[in-house]
1. Which pairs in the list 12/65; 9/269; 65/237; 423/448 are over 18 Å apart, alpha-carbon to alpha-carbon?
2. Against the 2.2 N^0.38 Å scaling, with N counting residues, where does the range 314-381 land? I'd like the Cα-based Rg ratio to two decimal places.
Amino acid sequence: MAPMSSIMKEPKCLISSDHEGQLCVQKEAKTILEGITQPVVVVCVVGLYRTGKSYLMNRLAGQQKGFALGSTIESKTKGIWMWCVPHPTKADHTLVLLDTEGLGDVDKGDEKHDTWIFCLAVLLSSTLVYNSLGIIDNNALEKLHYVTELTENIRVRAQRGADDDDSAEFMRMFPSFIWTVRDFTLELRKEGQPITANQYLESALVLKPGRKQFNLPRRCLRQCFVFPRPAGDDDLKRMEELSEAELDTRFLQRAKEFCDYVFSSAKPKTVTGGRILTVLGSLTEVYVEAIRSGRIPCLENAVETLAQIQNGRAVEQGLQVYRSEVFKYLCFPLDPAELSDIHAQAEKKAVEVFISISFNDTEQKSQLELMTEYEELCRQNQEECEHMCRSKLECVFAPLEESLNDGSFMQPGGYQDYRDTLKRLTKEYRQRTHTQIMSEEVLSQYLKEKEKFANNILAADQCLSNAERKMEGKHTHTHTHSLSLSLSLSLPCNPQVVSHT
Ligand SMILES: Nc1nc2c(ncn2[C@@H]2O[C@H](COP(=O)(O)OP(=O)(O)O)[C@@H](O)[C@H]2O)c(=O)[nH]1
Ligand SMILES: [Mg+2]
């Protein structure tokens, strides 16, 4: 695969609205996601518009420019933007940055659209960054209401017994959470004592005691980063152009801490059972489709659909391995035991590959597919064996065919001669083909075809022998010969003569 950086020089729109205002997945971005086979660390940022979200994502990408800043995005491309970059610190991982656009934009947004974008952000990410300006205010906390609404919509198949079990299952699906506060000017103090950013976040959440909707997300909140203003008023408008030297050093320090934290702590996206996800494109499609069709996103369905897609791929790759293994040793025709050995070896390797890729393979699809493939090989092998036996048979029985054609057996004693020839050639054929499957089948079919000749030869033999006896001494040899010829041409089938041994 080409390195990710060369695939995505810049972000692309992943989810937008179509002309009817319905959410849709952009094909190009989906294709890119489908090409990623590595574990994906998915970091998504949400929060009000114009709070520096895109700028922060660009820093995670290590780029000065990328996600468009400010309100330059047209309303039709509002939604979720995506930028896949190689993970800066984890080899063989891809960092997928998702930037949401237009949340809370009163001019262009609509509440329902915003809710779904927020939902998708939660569902798709492995780390969710909630970004707010100035403080963690009540207003921002209210936005957590989206998250709790989401928990109402998501039903994971869990032992729905005790409440705790339920939320444990939920935690697995819920991304870890980072709150970033921009242009933070407050002093981090509580009751005169200095506090950490995380303690600040905790205390903000405690502000709403007894409100159940904050309880669940609270368990998922992990980190808070407070950023000072990055530059002076005039410079803020052209942040993309500013060099590091023109930015506030404390801002730079905090931005570095934030990025380092994300790079070291953000986990790859997993789904139920903690399985690492490599089909983010399909997952996106499943969720967006569920939302479009008015179905509530239900993780159970999504996991099932994903399993189907993923196992389809696993089977395909397993089969590829199986075929290449089999063809290394395959040389038809083969002894069935040999073929079975080759199959077993190839199957073992294919199943290993399948297991490494598959996901929830409850139907044992891979094994079934491999069996079908094996059956086909057996069929081909049988065909080849049959073909080979037939050509050996043709070769061995050629003298018999010749004699049948030129009527050599149509003479007194011809029947015995015929039987002897048949016996001798059968023995020879068996000697030549005794290791082949299908050899007896081919032989018995041939012998069956010859039965009618045996009858005719016997009839001719008897007829001619009788005539010969009667006419002994009276007729010339020439006459007998011409009689034998005429009989061989008419080949009468005498119904009374059926015996052959
Ligand atoms: N005050 C302030 N402005 C910022 C900050 N980061 C970026 N900006 C500027 O704020 C504007 C909006 O930033 P953007 O990242 O597009 O915000 P988004 O709408 O949340 O994605 C741009 O002009 C940025 O240059 C920040 O930390 N503080
Ligand atoms: Mg933005």
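Any read-out appearing in this document is the output of simple, stated calculations on the displayed coordinates, not a laboratory observation. Predicted model, so just to flag it, every value in this text is computed and none were measured.
1. Working: 12/65 13 Å; 9/269 23 Å; 65/237 14 Å; 423/448 14 Å.
Those over the limit are 9/269.
2. 1.08
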